[in-house]
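A.B. asks: Take this structure, written in structure tokens, and hold onto it; I'll ask about it next.
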Amino acid sequence: MLKSLPLLPLDIWVDASTSVGIGVLVDSHWAAWWLLEGWESDGKDIGWAEVVAIELAIMWLTHSGFHDTCFKINCDNTSVIHIILATLVIMKLS
């Protein structure tokens, strides 16, 4: 049986806006990025930007030295959350 990883006690929030950009908040630290003009090409939409925000949060945490732990990322886009959960289930079943 696999052992559960410890939950990281950080308050992590991500968000994206089509008119502004991407934001990540980890406890009291934050970062923001503008989306460049024309970013909505090749099928990219708000869902894509929200996933990028999650990826940036994960990169931030791993580059800050957090490994072998669990963490909760808060995101307001339920479609993105469902896609990520479905992907994790498929990966687990593979």
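The values are calculated or read from the model by the stated rules, or taken from the named source; none is laboratory data. This structure is a prediction, so every number in the text was calculated from the model and none was measured. Note that we place each Cβ from the backbone using ideal geometry, even for glycine, and neighbour counts take in every protein chain shown.
A.B. asks: Within the set of pairs 6+ apart or on separate chains, which have a first residue in segment 73-89 that is free of Cβ contacts under 8 Å to residues at least 12 places away in the same chain, a second that is not in a helix (DSSP H, G or I), and C-beta atoms under 8 Å apart?
C.D. replies: I81/C75
A.B. asks: Let me spell it out: the conditions are (1) surrounded by fewer than 15 Cβ atoms within 10 Å (Cβ to Cβ); (2) touching a helix residue (DSSP H, G or I) at 6+ places or on another chain (Cβ under 7 Å); (3) among the acidic types (D, E), and D68 meets all of them except one. Which number is the exception?
C.D. replies: Only one criterion in (1) surrounded by fewer than 15 Cβ atoms within 10 Å (Cβ to Cβ); (2) touching a helix residue (DSSP H, G or I) at 6+ places or on another chain (Cβ under 7 Å); (3) among the acidic types (D, E) is unmet by D68, namely (2).
A.B. asks: If you don't mind, there's one more thing I want to ask. So which residues in segment 62-94 are part of a helix (DSSP H, G or I) and on the phi > 0 side of the Ramachandran plot, if there are any at all?
C.D. replies: Passing the criteria: none in range.
A.B. asks: Still on this model: If the Cβ limit is 9 Å and pairs must be 6+ apart or interchain, which residue in segment 57-69 that is among the acidic types (D, E) and modelled with pLDDT under 95 pairs with which residue that is surrounded by fewer than 11 Cβ atoms within 10 Å (Cβ to Cβ) and part of a loop (DSSP other than H, G, I, E, B)?
C.D. replies: Final answer for the pair search is D68/P6.
A.B. asks: Any idea which of L5, L25 is on the phi < 0 side of the Ramachandran plot, of a type outside the set (S, T, Y) and either surrounded by fewer than 10 Cβ atoms within 10 Å (Cβ to Cβ) or in contact with a Ser or Thr (Cβ under 9 Å, 6 or more places away or on another chain) (or both)? Spell out the reasoning first.
C.D. replies: Details: L25 fails: either surrounded by fewer than 10 Cβ atoms within 10 Å (Cβ to Cβ) or in contact with a Ser or Thr (Cβ under 9 Å, 6 or more places away or on another chain) (or both).
After ruling out the rest, the residue left standing is L5.
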